[in-house]
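The values are calculated or read from the model by the stated rules, or taken from the named source; none is laboratory data. For clarity, every value in this text was computed on a predicted model and none was experimentally measured. When we count neighbours, we look across all protein chains shown, and the Cβ atoms used for this are built from the backbone with ideal geometry, even at glycine.
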Amino acid sequence: MDFAEARSVFCRPRTGPVADPTAAATPARRLRDAIEPLAMVTVWSDPAAEESGAAGLDFLGGYVGGRASVLGDAEGSVVAAAFAVFEPGLVGGLWDQAREACPVADLRAMRERAGTAALRTVLADVGEAEIDAVVETLRVALDPADVIGRPLYAGMSTLPWPGEAHGRLWHATTLLREHRGDSHVAACVAAGLDGIEANVLTELWVGFELLEYTATRGWSPEAMDVALARLRARGLLDGDALTTEGRRLRDRVEEATDLAQQPLVDALGADLDRLVDALGTWSEAVVGHGWFPPDPYKRAAG
């Protein structure tokens, strides 16, 4: 899949009535949603496409190669385990392609350059001092962040901070995103959910139609059908909709994920609202620039 194809699939505005998936968002969730486009600018932006293309990687190869590079020269199965909600063979194959194309150090450098260049372009009218003030607040939130059980966050946390303000903003938001993402995977595993089941519960909880989001993660129709049968047998799914128990379980997963973020929220204290406002404004600029999908369901689902 090339970048043009990916954007044509994922970057279309949602038509018709749209429920706000974050209307009752907790502080931890508000922080997560405020940073999502900033962190993921290394997936959707022109600089990301240029960096990946120069290395001979397409959209998915650039995404997997860049994000997984923090794990070092790991085996594909390790990368698939960390990514969790993608079909393991797909992720492992893409990681092998990326490693053949570039050394891990180059994949890391490409990702940092893309994030820095993209945010420098989108936030050209924002002063570096203002950006660094936000970054310093984010670093306060990251001070109590624990690496235990969080492989992508742990790998990201070992990397040096970029030299440019826009790069530091990308680095900080990516650290926060990976910390929550790893925590969310752990909550899903503790709830007895595999990758497909976690996808299905999230997509229906957010507002997608059944398999609208899950099917973009590389799973075969047969594997998805088997997973749906398991969810129905557990009483979590009735036809194409979550049951009351299914929604309760997904709510509990969200609560467990938020709980894992609580030390970060507590560290921010009264700065949270101001921080979320600033990050949210910058994220909307990324969306407006066309470098993150405008669909609120995609933003909420990750």
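Figures for the structure shown
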item: Residue 207 being on the phi > 0 side of the Ramachandran plot, loosely packed, with under 14 Cβ neighbours inside 10 Å and among the small types (Gly, Ala, Ser); result: no
item: Residue tally, condition assigned to a helix (DSSP H, G or I) and either among the aliphatic types (A, V, I, L, M) or surrounded by 13 or more Cβ atoms within 10 Å (Cβ to Cβ) (or both), over region 275-302; result: 17
item: Count - residues of region 94-130 that are more than 19 Å from residue 59 (Cβ to Cβ) and of a type in the set (Asp, Glu); result: 3
item: Residue match in region 234-243 (condition: part of a helix (DSSP H, G or I), of a type outside the set (D, E, K, R) and buried (at least 20 other Cβ atoms within 10 Å of the Cβ)); result: no
item: Helices (runs of 4 or more DSSP H) within region 47-102 that include 2 or more residues modelled with pLDDT under 95; result: none
item: Helices (runs of 4 or more DSSP H) lying entirely in region 114-218 (those with 1 or more residues that are more than 30 Å from residue 9 (Cβ to Cβ) and under 19 Å from the mean Cα position of the chain (by Cα)); result: 128-142, 151-157, 165-190
item: Close pairs from region 258-278: first farther than 15 Å from residue 136 by Cα, partner of a type in the set (Ser, Thr, Tyr), Cβ under 9 Å, at least 6 apart; result: 258/26; 258/183; 259/183; 260/183; 261/26; 261/183
item: Residue 187 vs. criteria touching a Ser or Thr at 6+ places or on another chain (Cβ under 6 Å) and either surrounded by 21 or more Cβ atoms within 10 Å (Cβ to Cβ) or in contact (Cβ under 8 Å) with a residue 12 or more places away in the chain (or both); result: yes
item: Filter result for residue 98 (under 30 Å from residue 273 (Cβ atoms), touching a Leu at 6+ places or on another chain (Cβ under 8 Å) and among the small types (Gly, Ala, Ser)); result: no
